[in-house]
1. For the pair D213 and E369, how long in nm is the line joining their label points, each one 7 Å along Cα→Cβ?
2. From zero outward in steps of 5 Å, how is the percent of C-alpha pairs of segment 147-293 spread across the bins?
3. Return one number: the angle in degrees, 0 to 90 and rounded to the nearest 10, between the long axis of the Cα atoms of helix 357-374 and the longest principal axis of the Cα atoms of the chain.
4. Of (1) 1.10; (2) 1.04; (3) 1.97, which one was derived for Cα Rg over 2.2 N^0.38 Å from the structure shown?
5. Using a 7 Å offset from the Cα along the Cα-to-Cβ direction at both D178 and S69, what is the distance between the two label points in nm, to one decimal?
6. For L137, tell me the accessible area in Å² from a 1.4 Å probe, rounded to the nearest 10.
7. Please report, largest first and rounded to whole Å, the three semi-axes of the ellipsoid equivalent to segment 1-109, where each semi-axis is the square root of five times an eigenvalue of the C-alpha gyration tensor.
8. Can you pull the one-decimal nm distance between simple spin-label points at K263 and C251, each 7 Å off the Cα toward Cβ?
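The values are calculated or read from the model by the stated rules, or taken from the named source; none is laboratory data. Everything numeric here is computed off the predicted structure, so don't read it as measured data. Backbone-built Cβ (ideal geometry, glycine too); neighbour counts: all protein chains shown. Remember, those area values only see protein heavy atoms, side chains included, never the ligands or the DNA or RNA. Shrake-Rupley method; radii C 1.70, N 1.55, O 1.52, S 1.80 Å.
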Amino acid sequence: MKIAFYTPMKPPGAARPSGDRTIARSLLQAMAAAGHEATVASTMRSYLAAPADRERRARIERDAAAEASRLIAALRPAPPDLWFTYHLFYKAPDLIGPAVCRALGLPYLVAEASYAPKRDSGPWADRQERVRDALGLADHVFFLNPVDEACVIPLLKPGATHSRLPPMVCMQDIDSPDRRREVRRRLAAEWRLPPAAVWAVAVGMMRPGDKSDSYRRLADAWMSRPDSRAHLLIVGDGAAGAEVRRLFSGCEMRVAFLGILPKDALDAVYRAADLYVWPGVNEAVGMATLEAMAAGLPVAVGPWGSVAQGIESGVTGLVARTGDELGRAVGRLIADPELRKTLGAAARAHVRRRHSLSAAADAMTAAFEDAAGRTP
C-alpha cells in the first residue's frame, strides 16, 4: 500500500535523538518490511510548548492550513491508500491529516494518541478540540501505551477499530566473546573506562521535568551502591546537563558522561556493557530500555513508567518498587554474572517475540487492509 506518514510532534528526520524519533523511524521500517511504500507527507511540527505563545500558535495554524491545501493538490492526481499519523495530543494535534483525508476520502489511521479530559477547558481547549476532531475521524487507532485506551476509545466513531501495537526495535546481532572484548577495549581506550569493571549503561536526554527526575533517582540508586567494581556510562545531554552532572558529584570516578551518541555508537555501547539501568519516570514507552533488552542486556528499571508493565520481574528483568529497591537491584546485577546472563537472554527473547519489526508489520498490515476495505 501507499501510505502518507505524518508526525506532528517531531519528524522522523529530526536531528536531535529522542524516543519519539526512534518510534517514528521504527514504524517506517516496519511498514517497509511489510512491503508498503510509506512516504513522509510533511515535516511540519504542530508542537506548542506553552499555551500563552499566541503568536506561534497563530503561525502554526496558518502554516498547517497552507500545508494541508498543498498536500490536497499534490496528492489528488494519485492519492495514497491511507494516511497514518503517529503521536498526537493536545500539545501536538494533527492539524493536517484530517483535512487531507476529508478532501480526498482517505482512511485515517493513528498510532499513540492520548487524550486528557482535564484539558477540555482552559488555555489548551482549542487544541484539545482538534485532537477530538482527529480521533472522531479515525478509522483505526493503534495503542502503544495501554494507559491511553480509557480516554481515547469513547471518542472514536461507530465502526472504528483499535488494537495494541507494542513498540518495536531492530534486533542487533549478538557479538562473539572475542568481538565483544574488542569493542570493550576500543571503548575503554576512547572514554578512559576501566576495562575490567562491570559496565552499567543509562540512556536519556537531559531535560527538565520527568527526565531530570529520572536522573535524580538514578543518582540516588547509583550512589547507594559504592561498588568500585562497577562503572556507570551515561548517554545523553541537554538543557539540564549541568544539573544532572551535579547529581553525581562525589562519585565522578565511577561515572562517565558520553554525551549524545549516533545510533551505531550507542549500539556499540549496548554490546559492550554488562547491564542497563533506568528509572523511567512517566515514560510512555521506554525505547532505550527495549533497545538494551534487544541487545541482550539485563535491565533494572523503576515502576514509574509504562515500560515496567512489559517486564516480568525476575524473569525478563528486575522491576524495583522504590528508589532503594532500584539500588539493590543494580547491586544484584553487579554482583551476579550468572543472573546477568540469564536475565539478558530472557530479555532478548522477550523483545524478539513481542517487539520485533516483523510482528509489528503483520499487525499493521491487517489493520491497513481492514480500514481500506471499510472506506468507500
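1. 4.3 nm
2. 2, 8, 17, 19, 18, 13, 9, 5, 4, 3, 2, 1, 0
3. For 357-374 against the chain, the angle is about 10 degrees.
4. (2)
5. 6.6 nm
6. For L137, the solvent-accessible surface is approximately 30 Å².
7. So the three semi-axes of segment 1-109 are 23, 19, 10 Å.
8. The answer from the label model is 3.2 nm.
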